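Enquirer: For reference, the structure I am asking about is given below.
The values are calculated or read from the model by the stated rules, or taken from the named source; none is laboratory data. Source: prediction; values computed, not measured. With ideal geometry, Cβ positions are generated from the backbone for all residues, glycine too; neighbour counts draw on all protein chains shown.
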Amino acid sequence: MIEREQVLHVARLARLLLSDEEVERMREELSGILDHIEKIGELDLDGVDPTSHVIALENVLRPDEPRPSLAREAALSMAPQPGDTGFGVPSPGS
C-alpha cells in the first residue's frame, strides 16, 4: 500500500495541489495499480513478445507522396490581408 507521503511527493513533482480527499483517493488508486503490476510480474512471460498495443494496428492514411499544391495566387485570393509572401495577420496585442 502506498503511503500518504509518497502520494504527496508525486503530487509535488507533478506540481499538483491535492485536497485530503484526493490524496486518499490517489493513494488507493495508485496502490491498486501497483498491485496489478505486481501480479503481472509473477507471471511466466518467457517467450512472450513485448507489445505496444493489444491489437494489430494498420496505417489507414494514404501514402505520403509529393503532389502539386495550390498555387500561391489561388491560396491568397480570398485572404482579407494578403501579403507579399503569405497571409497577413495582426501583431500580438493588436
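Enquirer: Testing residue 24 on (1) under 25 Å from the mean Cα position of the chain (by Cα); (2) surrounded by 10 or more Cβ atoms within 10 Å (Cβ to Cβ), one condition comes back false. Which one is that?
Expert: Answer for residue 24: the failing condition is (1).
Enquirer: Another question, if that's okay. Sort out for me the helices (runs of 4 or more DSSP H) sitting completely within the stretch 1-76 that have 2 or more residues that are of a type in the set (Gly, Ala, Ser).
Expert: Helices (runs of 4 or more DSSP H) meeting the threshold: 20-41, 72-76.
Enquirer: Just need a number here: residues in the stretch 32-52 that are charged (D, E, K, R) and farther than 28 Å from residue 7 by Cα.
Expert: 3
Enquirer: Can you name every residue in the stretch 50-66 that is charged (D, E, K, R) and either surrounded by 10 or more Cβ atoms within 10 Å (Cβ to Cβ) or modelled with pLDDT of 85 or more (or both)?
Expert: Passing the criteria: 64, 65.
Enquirer: Among the residues of the stretch 67-79, are any at pLDDT below 90, surrounded by 10 or more Cβ atoms within 10 Å (Cβ to Cβ) and in contact with a helix residue (DSSP H, G or I) (Cβ under 7 Å, 6 or more places away or on another chain)?
Expert: No: zero hits.
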